[in-house]
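Structure first, commentary second.
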Amino acid sequence: MIHILSLKVENRAGALSRIAGLFSARGFNIDSLSVAPTADPSVSAMTIVTHGDDAIIEQITKQLNKLIDVIKVVDAQGRNYVHRETALIKIHTRPEDRAEALRVVDIFRANVVDSSPNSYTVEITGDSEKVDAIINLLRPLGIKDLVRTGKVAVTRELNKNP
Amino acid sequence: MKLTGSEILVECLKREGVDTVFGYPGGVVLGLYDYLYRQTHLRHVLCRHEQGAMHMAEGYARATGKVGTVLVTSGPGATNTVTGLTDALMDSVPLVVFTGQVPTQLLGNDAFQEADIIGITISCTKYNFLVKRVEDLARTIKEAYHLAASGRPGPVLIDLPKDVTFAQTEFSYPDSVYLRSYNPTIEGNKGQIKKAAKAVRQAKRPVLYTGGGVVASGASAELTRLAGLIRCPVTSTLMGLGGFSGSDPRFLGMLGMHGTYKANMAMYESDLVIAVGARFDDRVTGKVDDFVPNAKIIHIDIDPTSIRKNIRVDIPIVGDVAHVLRTLIEVLEANDEPIYVDAERAAWEARIAELDAEHPLGYTHSDEVIKPQSVVEKLYALTQGRAIVSTDVGQHQMWTAQYYHFESGRDWLTSGGLGTMGYGFPAALGAQAAHPDRLVITVSGDGSFQMNIQELATAVVNDLPVKVVILNNRYLGMVRQWQQLFYEERYSHSYLATTPDFVKVAEAYGALGLRATKPSEVEGVLLAAFRHKGPVVVDILTDPMENVYPMVPAGAANHQMVFCDPDQTPGAGLKQKDGQGAKTPPLPLTGGGARP
């Protein structure tokens, strides 16, 4: 079962390495990990996508909480979350393919952020399925390079009707 | 007033109540050592190897309940602390270890004696700090001692670049520590404790299964009270021995791989296991599926990760053991109804007596060769359980756990989780440094003792009169036992021969060396050792083929114990070689060359 863990951690040298080390030492899996400072520069937000059965996820959560640098761990499972991923996709473009490439970019509301006579670099942001989908459509054109950020996630606020 | 980093360090240790530091000087800590030379507050015990300093600090911490402090240099000095750090992490021993580091401007340059000790020790410390600015030093030290001693205790490392020890700043020591990301749960959840009380009232065959957490939390009085209140037998892990009196009739002895039959069977037959400050280690549970098939489990532990890590638990309670037990006792006493049915408890106690009679702890006595168990029994008889006893790791450790009955967990120093050969002797030195007037004994083996034998110099020079009793079987006994039982007697590299001559080694270091080769000599040499004012090494030549029993073979369940060698009880559960019984090669008691 895939779980998205949303962490707040001290923004300190070594914090990332402690967290990554915990996963490798105990044989837990990291599918993706993203980290950056929050509005409070002393705190970093980290989103870890991992998988395992309930017992493993419980241990991962407890072990993360035990780390001195970890302030808070929230498991998105069963909560209402918004999650997004960004990808930069560099594709080959022969002259006859350029229009097709732009059509795909348009359909997905993606952007071309760099272009050369033979290539476009496409930026896409969305949930993982959307990123997967555009990659699948662009693949026949020939992908030169692909980088994905991994998920970032945040809880949804409840809509309170007046 | 401005102080240098070195002065701040000593001043902080003073405020933390540290009186003794175990250490070894070197290049980048020369400034610190220069200040140590000029001050009078701290006692520095000079070890002969940094690993020795680590185990000394562990022994000191375990015997006193205080944080042990170590000071070593960078590079090899720092890397030599890794085994001790891992040992302390696994056995929850509070330590603060100061390692020197190359100057900040050289960090990462592969400088002389530079090691990335922060990176190296991330996974074997509770936390570690690199102090890059002298302004951060005092607060870091305060946080380190707080982290080491609170919650589940453990080792904390502070890496001190050389320039930080020379730099100056205004000194102020914080009164308190606030770490927003660290807040151990002390009081247990009241609702869970009430559930536990209800389960206790419903139990017919309860067992208290206690571990090192009882000692760390100082909860012996509460545990004893609870056991009496609910009329419940008590078994203990290796680390928990002494947390409950070893001579109390309710005590079943240790459980697990080399536990007593009655302890393992009581667990197996129980309907309620109350786990107190123990973590269901694999050496305790045996085959997990058959561990306690009929029992509800209450698990009290300060570390949430210990709960449901290895075993399903019905009623988890996160909190400090002493606090939780006190609340549990209050909840039980608040209700006037009797807690148990007398007849049910009488039947349970009768069943345990029956189990004990079925397979009591024992061994075959001999007038010819010294049985190692008899030496531990003699030690217990002579000291009445009033000595501080440390062990190394292996057969002698298990025999000490089985045959020495501890009255206090702080009198029992052993390496449980990591199983570090070489732990025992330096740990005893640390305990002796804290308790100069007490009798401190190390029970060791001829293999283990050689792993930190150089600390004999520390013992002699610092006047630490530890008595080392070597149960010398010329083998790595536990390895040999497994090779005999599970590797068809192929004794691959477990024979150590009869070197060195431990009596001469002791004398070379300036200690007293004594030897016993016959059973009739044991009591005499032990008494002579206890009477001697200084450190003593007692070399006792024991039966080389003696095995530790009972035993749960690896992979078996705890109720499938084996009680003696396979040739003595065909079909007792151990595999024998096809078509032939296991044979015991005759070995000379002295002299080398007789390799099997």
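The values are calculated or read from the model by the stated rules, or taken from the named source; none is laboratory data. These figures come from a predicted structure and were not determined experimentally. Note that we place each Cβ from the backbone using ideal geometry, even for glycine, and neighbour counts take in every protein chain shown. In case anyone asks, the SASA skips ligands and DNA or RNA and just uses the protein heavy atoms, side chains included. Shrake-Rupley method; radii C 1.70, N 1.55, O 1.52, S 1.80 Å.
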Check on B:Met545, under 27 Å from B:Tyr380 (Cα atoms), out of contact with any Cys (no Cβ under 9 Å at 6 or more places or on another chain) and crowded, with 19+ Cβ neighbours inside 10 Å: no
Residues within the stretch B:310-320 that are within 14 Å of chain A (Cβ to nearest Cβ) and not in a loop (DSSP other than H, G, I, E, B), tallied: 2
Extreme residue, most open to solvent (accessible area, probe 1.4 Å), among residues of the stretch B:373-393 that are under 14 Å from B:Gly246 (Cα atoms) and part of a loop (DSSP other than H, G, I, E, B): B:Arg386
The stretch B:276-309, subset in a strand (DSSP E or B) and open to solvent by less than 50 Å² (accessible area, probe 1.4 Å), residue farthest from A:Asp53 (Cα to Cα): B:Val276
Residue that is open to solvent by less than 60 Å² (accessible area, probe 1.4 Å), in contact with a helix residue (DSSP H, G or I) (Cβ under 6 Å, 6 or more places away or on another chain), assigned to a loop (DSSP other than H, G, I, E, B) and in contact (Cβ under 8 Å) with a residue 60 or more places away in the chain, where the choices are B:Gly188, B:Gly213: B:Gly188
Residue that is most open to solvent (accessible area, probe 1.4 Å) [pool: residues in the stretch A:1-57 that are in a loop (DSSP other than H, G, I, E, B), within 13 Å of another protein chain (Cβ to nearest Cβ) and in contact (Cβ under 8 Å) with a residue 24 or more places away in the chain]: A:Arg26
Within the stretch A:110-129, tally of residues that are modelled with pLDDT of 95 or more and either under 27 Å from A:Ile48 (Cβ atoms) or not hydroxyl-bearing (Ser, Thr, Tyr) (or both): 10
Long-range neighbours under 6 Å by Cβ, at least six apart or interchain, first residue in a strand (DSSP E or B) within the stretch B:403-431, second not small (Gly, Ala, Ser): B:Trp412/B:Leu241; B:Trp412/B:Phe406; B:Leu413/B:Arg62
Only listed residue being assigned to a strand (DSSP E or B) and open to solvent by 70 Å² or more (accessible area, probe 1.4 Å), chosen from A:Asp106, A:Asp114: A:Asp114
Within the stretch B:79-170, helices (runs of 4 or more DSSP H) holding 2 or more residues that are farther than 15 Å from B:Cys12 by Cβ: B:82-90, B:117-121, B:162-166
Any pair with Cβ under 6 angstrom, 6 or more apart, that starts in the stretch B:115-134 at a residue that is within 10 Å of another protein chain (Cβ to nearest Cβ) and closer than 19 Å to B:His146 by Cβ and ends at one that is polar (S, T, N, Q) and part of a helix (DSSP H, G or I): B:Asn128/B:Thr121; B:Phe129/B:Thr140
The stretch B:135-156 - residue that is within 12 Å of chain A (Cβ to nearest Cβ) and aliphatic (A, V, I, L, M) and, of those, nearest to B:Pro174 (Cα to Cα): B:Ala144
Considering residues of the stretch A:70-81 that are farther than 11 Å from A:Leu5 by Cα and of a type in the set (A, V, I, L, M) only, the residue farthest from the other protein chains (Cβ to nearest Cβ): A:Val70
Whichever residue in the stretch A:123-162 is assigned to a strand (DSSP E or B) and more than 27 Å from A:Met46 (Cβ to Cβ) and, among such residues, is most open to solvent (accessible area, probe 1.4 Å): A:Lys144
Residue ranges of strands (runs of 3 or more DSSP E) in the stretch B:3-75 with at least 1 members at negative phi and among the basic types (Lys, Arg): B:43-46
Scan of the stretch B:1-18 for residues that are open to solvent by less than 10 Å² (accessible area, probe 1.4 Å) and polar (S, T, N, Q), ordered by number: B:Ser6
Residue check for A:Thr93: over 16 Å from A:Lys151 (Cα atoms), open to solvent by less than 70 Å² (accessible area, probe 1.4 Å) and away from chain B (no Cβ under 14 Å): yes
Among residues of the stretch A:60-69, those that are open to solvent by less than 20 Å² (accessible area, probe 1.4 Å), facing another protein chain (nearest Cβ under 7 Å) and under 18 Å from A:Asn29 (Cα atoms), counted: 1
